[in-house]
Amino acid sequence: MAGNGFTRRGMLRSGAGVVAAGTLSAPMVHAQGTGGSLRFAFWDHWVPGGNDALKKLCGDWGEKNRVNVALDFINTTGNQLQLTAAAQFQSENGHDGISLTPWDVGAYADRLEPVDDVIQRLEAKYGQINPVAKFLAVHQGKWRGVPATSGT
């Protein structure tokens, strides 16, 4: 999003508190006034229709913010989601945001964008985050992931 006054981090800060995202791929701007596109990878729920709520949530956010949001649901059989994250972090290419297991945040902390602003808004609205979640997501003094219960 360089060159048009937007950054991926700024776009996410404007309202995508449900996901934490890095800056990995180039956007495709469709028309004047659009915010480009974002691509996310999530756990593929095994229950039929289990992904529908997340699709709707992300679709509504994208429509509201004029951002093309693409979702990939990755099966966890054989740790496919974790293998995808590892490959993308090694190649420095892939999804703008990916659903990590809580214990994987530390493995990629130096490459994850701090999300302290998102956490501050969430804690102001809902109260303090569980100390275990904080232990797993805070690295180098910064929140590197947003605790979530995707798929439950």
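Arg66 contributes about 150 Å² of solvent-accessible surface, heavy atoms of the protein only, 1.4 Å probe. Loop-located GluC sites (Glu not before Pro) in the stretch 38-143 (DSSP state other than H, G, I, E, B) with a sparse environment of at most 12 neighbouring Cβ atoms within 10 Å: Glu92.
Its Cα gyration tensor gives the stretch 38-110 an equivalent ellipsoid. The semi-axes, each the square root of 5 times an eigenvalue, are 22, 17, 10 Å from largest down.
Between Glu63 and Gln90, 0.36 nm times their residue separation minus their Cα-Cα distance comes to what?
Full-extension gain reported as 6.5 nm.
Within straight-line reach of Lys134, meaning a Cα separation under 19 Å, sit the following aspartates and glutamates at least 8 residues removed in sequence or on another chain: Asp104, Asp110, Glu113, Asp116, Asp117, Glu123. Tell me, what is the FRET efficiency for Asp116 and Asn79 to the nearest 0.05, using R0 = 30 angstrom and their Cβ-Cβ distance as r? My answer for the efficiency is 0.55. Phe42 contributes an accessible area of around 20 Å² to the protein surface, as traced by a 1.4 Å probe with all chains present.
The values are calculated or read from the model by the stated rules, or taken from the named source; none is laboratory data. For clarity, every value in this text was computed on a predicted model and none was experimentally measured. A quick note on method: Cβ atoms are made from the backbone with ideal geometry, for glycine too, and the neighbour counts reach across all protein chains shown. Note: accessible area is taken over every heavy atom of the protein model, side chains too, but ligands, DNA and RNA are not part of it. Shrake-Rupley method; radii C 1.70, N 1.55, O 1.52, S 1.80 Å.
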